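Enquirer: Could you have a look at this structure, given as structure tokens, before my questions?
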Amino acid sequence: QFADAVTEAVFDHEPADIDAVGTLTLASGETVEQAREALVAKIGENIQVRRFQIIKTDDNLVSYQHGARIGVVVDSNAASDMARDIAMHVAAINPTCIDESGVPAETLERERRIFAEQAAESGKPPEIIEKMVSGRVAKFLKEITLVGQPFVKDDKISVGKLLDKAGAKVTSFVRFEVG
């Protein structure tokens, strides 16, 4: 009930960040923080509101819950069954972003630097080292991007090819895991 009340308050007030959530007023008249403290005192568990995400879309929002620990919401124009399969994939494989454009530049630069240092130890010529680094970066991007990953239900096809085949796209996804 607490989670449902907090969700309703977040949707009604659209707070800017997690700190603002604690000050929202629930339907009961209490703030989120007051209700949280009362609940902690009542059941003796350390309950926290740690994160939230508001998704506004013109496409379909499809959710998938894996047990009681992982929940995923996918914003996609794909058919419901396919979007649910994509959500299941996100729950299982945990991609960082949809495609290469979502990879932060500093992450890419850090990985490139690590790969370059490793390749330099091989003693190969600079042009070979550059090819080695480019190949490792490409492999890294396939591993962390949704569209580059092998689809969890059929690893012979990437998620990107699956979406292309259906003429579909994923606009965004959110994966939450307890803890």
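Enquirer: Determine the relative contact order of the range 117-165: mean sequence separation of Cα pairs under 8 Å and six or more apart, normalised by residue count, in whole percent. Provide the component values of the computation, followed by the final result.
Expert: Values: 28 pairs, mean separation 9.8, N = 49.
Across the range 117-165, relative contact order equals 20 percent.
Enquirer: Could I ask something else about it? In bins 5 Å wide, starting from 0, what share of all Cα pairs of the chain does each bin hold, as a percent?
Expert: Per 5 Å bin, starting at 0, the Cα pair percentages come out as 1, 7, 13, 14, 13, 13, 11, 10, 8, 5, 2, 2, 1, 0.
Enquirer: Take a quick pass over the chain and tell me how many lysine pairs come in under 24 angstrom between Cα atoms, counting only ones 8 or more apart or on separate chains.
Expert: 20
Enquirer: Identify, among Phe176, Ile98, Val152, the residue whose Cα sits farthest towards the positive end of the charge dipole of the chain, taking +1 on the Cβ of Lys and Arg and -1 on the Cβ of Asp and Glu, with the dipole about the Cα centre.
Expert: Val152
Enquirer: What FRET efficiency do you get for Lys139 and Phe176 if R0 is 25 Å and r is their Cβ-Cβ distance, rounded to the nearest 0.05? Before the final figure, lay out each step's value.
Expert: Working: r = 28 Å, r/R0 = 1.11.
About 0.35, to the nearest 0.05.
Enquirer: Read phi for every residue in the range 25-30 and hand back ³J(HN,Hα) as whole Hz from Karplus 6.51 cos²θ - 1.76 cosθ + 1.60, θ = phi - 60°, with x for Gly and Pro.
Expert: 8, 7, 4, 6, x, 7
Enquirer: For the chain, take the longest principal axis of its alpha carbons; what is the angle in degrees between that and the long axis of helix 32-43, to the nearest 10 within 0 to 90?
Expert: 80
Enquirer: Could you work out [θ]222 nm for the chain from helices alone, using -39500 (n - 2.57) per DSSP H run of at least four and dividing by all its residues? Round to the nearest 500 deg cm²/dmol. Display every interim value, and only then the final one.
Expert: Working: 7 runs with 85 residues, N = 179.
Calculated at 222 nm, the ellipticity per residue is -15000 deg cm²/dmol.
Enquirer: What's the center-to-center distance, using Cα atoms, between the range 46-61 and the range 108-179 in Å?
Expert: With the range 46-61 and the range 108-179 each reduced to a Cα centre, they are spaced 27 Å.
Enquirer: Using the heavy atoms of the protein chains and a 1.4 angstrom probe, tell me the accessible area per residue for the chain in square angstrom.
Expert: Values: 11340 Å² over 179 residues.
Using a 1.4 Å probe on heavy atoms only, each residue of the chain averages 63 Å².
Enquirer: Right, next: Got a sec? Charge dipole of the chain, +1 on Cβ for Lys and Arg, -1 for Asp and Glu; which of Ser76, Gly22, Phe115 is way out at the positive end?
Expert: Phe115
Enquirer: I've got another one for you. Compute the helix-to-body angle for 105-120: its Cα long axis versus the longest principal axis of the chain, expressed 0 to 90° and rounded to tens.
Expert: Long axis of 105-120 versus the principal axis of the chain: about 40 degrees.
Enquirer: Could I have the simple spin-label model distance between Arg113 and Glu14, label points 7 Å from Cα toward Cβ, reported in nm to one decimal?
Expert: Between Arg113 and Glu14, the simple spin-label model gives 3.8 nm.
Enquirer: Long-range amide H contacts for Ile157: which residues qualify at under 5 Å (H placed 1.01 Å from N, peptide plane, sequence gap of 5 or more or a different chain)?
Expert: Amide H neighbours of Ile157, under 5 Å, 5+ apart: Phe151.
Enquirer: Convert 20 °C to kelvin, take the viscosity as 1.002 mPa s, use the Kirkwood radius over C-alpha pairs of the range 1-82 as Rh, and evaluate the Stokes-Einstein diffusion coefficient in µm²/s, rounded to a whole number.
Expert: 148
Enquirer: Leaving out ligands, DNA and RNA, what percent of the accessible area of the range 1-120 is carbon and sulfur, probe 1.4 Å? Before the final figure, lay out the partial values.
Expert: Details: 3560 of 7590 Å².
That fraction is 47 percent.
Enquirer: Please compute the volume of the convex hull spanned by the alpha-carbon atoms of the range 92-179 and report it per residue in Å³.
Expert: Numbers: hull volume 12.2 nm³, N = 88.
Convex hull of Cα atoms, per residue: 139 Å³.
Enquirer: Efficiency by 1/(1 + (r/R0)^6): what FRET value for Ala79 and Lys56, r their Cβ-Cβ distance, R0 = 35 Å, to the nearest 0.05? Write down the numbers at each step before the final one.
Expert: Details: r = 21 Å, r/R0 = 0.60.
Efficiency, rounded to the nearest 0.05: 0.95.
The values are calculated or read from the model by the stated rules, or taken from the named source; none is laboratory data. Model, not experiment: these values are computed from the prediction. Positions of Cβ are backbone-derived with ideal geometry, glycine not excepted, and every protein chain shown enters the neighbour counts. With ligands, DNA and RNA removed, areas are computed over all heavy atoms of the protein, side chains included. Shrake-Rupley method; radii C 1.70, N 1.55, O 1.52, S 1.80 Å.
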